[in-house]
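Peer 1: The following block contains the structure, expressed as structure tokens.
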Amino acid sequence: ASGLRAASLWLEAAASNIANMQDTGPVADPGQVLAAGAGQVYQPVSLAQSPQPGGGVTASLQPVQPASTLTYDPSSPFANVQGQVAMPNVDLATQLVDMTQAVHSFRANLAVFRAASHMSKTLLDIFS
């Protein structure tokens, strides 16, 4: 079950990153005065997995560092004097690969679950 949860969380992270990859915000500059209501740029996340003693996996979301990259967009209300804004540090190709891997991971874990269920049912049928 932990593998299924990890794959679901991985898919959720990639989907969230893709959905928010065009978000813009002010460049983090301590000397810049931000306009009222200026928010922060989306914080992309990645999946961190670690093995559990006795089997299984623990999965958690970790912030991607650096969180943003600079993009030239002088028409943005968040643009600094150089015309730059912060955009999430998200690479679409990487996120699409992550989504594909998460789907395959989920399917593989589901197949293991089904096989274990089938074996248990067969064993119970033998002894009945």
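Every residue, every condition in (1) at pLDDT below 95; (2) open to solvent by 50 Å² or more (accessible area, probe 1.4 Å); (3) hydroxyl-bearing (Ser, Thr, Tyr), yes or no:
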| site | (1), (2), (3) |
| --- | --- |
| ALA1 | yes, yes, no |
| GLU12 | no, yes, no |
| SER16 | no, no, yes |
| ASP23 | yes, yes, no |
| ASP29 | yes, yes, no |
| ALA35 | yes, yes, no |
| GLY39 | yes, no, no |
| GLN52 | yes, yes, no |
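Peer 1: Does at least one position in segment 67-79 carry a residue that is open to solvent by 70 Å² or more (accessible area, probe 1.4 Å) and touching a helix residue (DSSP H, G or I) at 6+ places or on another chain (Cβ under 9 Å)?
Peer 2: Within segment 67-79 (the criterion being open to solvent by 70 Å² or more (accessible area, probe 1.4 Å) and touching a helix residue (DSSP H, G or I) at 6+ places or on another chain (Cβ under 9 Å)), the answer is no, since none of the residues qualifies.
Peer 1: Please go through segment 80-128 and give me each residue that is of a type outside the set (S, T, N, Q), assigned to a loop (DSSP other than H, G, I, E, B) and open to solvent by 70 Å² or more (accessible area, probe 1.4 Å), ordered by number.
Peer 2: VAL81, ASP91, PHE127 - these are the residues of segment 80-128 that are of a type outside the set (S, T, N, Q), assigned to a loop (DSSP other than H, G, I, E, B) and open to solvent by 70 Å² or more (accessible area, probe 1.4 Å).
Peer 1: Within segment 97-128, can you find the residues that are over 17 Å from LEU9 (Cβ atoms), free of Cβ contacts under 8 Å to residues at least 40 places away in the same chain and not polar (S, T, N, Q)?
Peer 2: Hits for segment 97-128 are ALA111, ARG114, ALA115, ALA116, HIS118, MET119, LYS121, LEU123, LEU124, ASP125, ILE126, PHE127.
Peer 1: Give the residue, chosen from ALA59, ALA116, that is touching a Lys or Arg at 6+ places or on another chain (Cβ under 7 Å) and under 21 Å from ARG5 (Cβ atoms).
Peer 2: ALA59
The values are calculated or read from the model by the stated rules, or taken from the named source; none is laboratory data. Owing to the predicted nature of the structure, the values given are computational and were not obtained by experimental measurement. No Cβ is skipped: glycine too gets one built from the backbone with ideal geometry, and neighbour counts run over all protein chains shown. Surface accessibility is based on the protein's heavy atoms, side chains included, excluding ligands, DNA and RNA. Shrake-Rupley method; radii C 1.70, N 1.55, O 1.52, S 1.80 Å.
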